[in-house]
Structures are given as C-alpha cells and as structure tokens.
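The values are calculated or read from the model by the stated rules, or taken from the named source; none is laboratory data. Keep in mind it's a predicted model, so treat the numbers as computed, not measured. In this analysis, Cβ positions are derived from the backbone assuming ideal geometry, glycine residues included, and neighbour counts consider all displayed protein chains. Ligands, DNA and RNA are excluded from the accessible area calculation, which covers all protein heavy atoms including side chains. Shrake-Rupley method; radii C 1.70, N 1.55, O 1.52, S 1.80 Å.
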Amino acid sequence: MRVIGRLLLVILVVISLWGCGKKSGIEGKGVDGRGKPVTNVKIIAKQVQPIKGYEQFETTTGSDGVFRFKGLFPTSEYILFASGEAEPQTKITVKSGPEGQISMLTSDMMIRF
C-alpha cells in the first residue's frame, strides 16, 4: 500500500510540473526615431485576453536595445509598449511563440518620448 501511495504522489508531482511547462516568449529590439537602440527602457506586455497569471509582464531593454519576455502563455496575443511613452500609436500587438519557443518581432519597435 505504501508503494502505491508513493507512486501516486510521484505521478501527481510529474503532472503538476508538466502543466507548469506552458511557457513561451517574445524577443525584440527598441529603437528611437533615428533607428538607434534605446537603453534601459521598461517594456510592458499586456495580454489581450487575460489568463490568470499571464496578464502582464515587464522587462527592460539592454545596452543593444534588445528585450526579452519569458514565461508568457503560448500563442497568446500581447500588446507591447514602453512605460512612460508619449505616443500611444507605438503600441504593437504580437503573438507569443508556441509552447517552449520564443517569437521574434519582425521589425524593431519604435520608442518615442
């Protein structure tokens, strides 16, 4: 009986960890009006149709303007925009990658302040 109980516990742990694996990402580059990379700008990703635990993510651009979001819900739409951005038209809608993959932006994200 103890063996069956332990086996069931192991199966439950494996199933719960497997369910936590539903994650993907988005990667892109933030540039200014001249096409130069912007550094240390907070980029926010808000899920279009919120799913609990995946509603909003934040990251910061690196010295090369590149930003990466990890842990997003797979193949879900997100709106990306820079925190404190003056022009709302620079918001873009993108789809996160399939499970376990990162979706790359097809063009640089223009950031205007």
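Rolling a 1.4 Å probe over the protein heavy atoms leaves GLU55 with an accessible area of roughly 80 Å². Sorted largest first by accessible area at a 1.4 angstrom probe radius, with every protein chain in place, the residues LYS23, LYS29 fall in the order LYS23, LYS29. Extension gain for SER83 to SER63 (0.36 nm times residue separation, less C-alpha to C-alpha distance): 5.5 nm. Distances between placed amide hydrogens fall under 5 Å for GLY97 paired with GLY25, THR75, SER103, all partners being 5 or more residues away or on another chain. Summarising the label geometry, the points placed 7 Å from Cα in the beta-carbon direction at ARG112 and LYS70 lie 3.4 nm from one another.
Using 0.36 nm times the number of residues separating GLN49 and LYS23, minus their current alpha carbon distance, what extension gain do you get? Before the final figure, lay out each step's value.
On the way: separation 26, 0.36 × 26 = 9.36 nm, distance 1.61 nm.
Contour length minus the Cα-Cα distance gives 7.7 nm.
Suppose R0 equals 35 Å. What FRET efficiency, 1/(1 + (r/R0)^6) with r the Cβ-Cβ distance, do ARG34 and GLN101 give to the nearest 0.05?
Efficiency computed from Cβ-Cβ geometry: 0.65.
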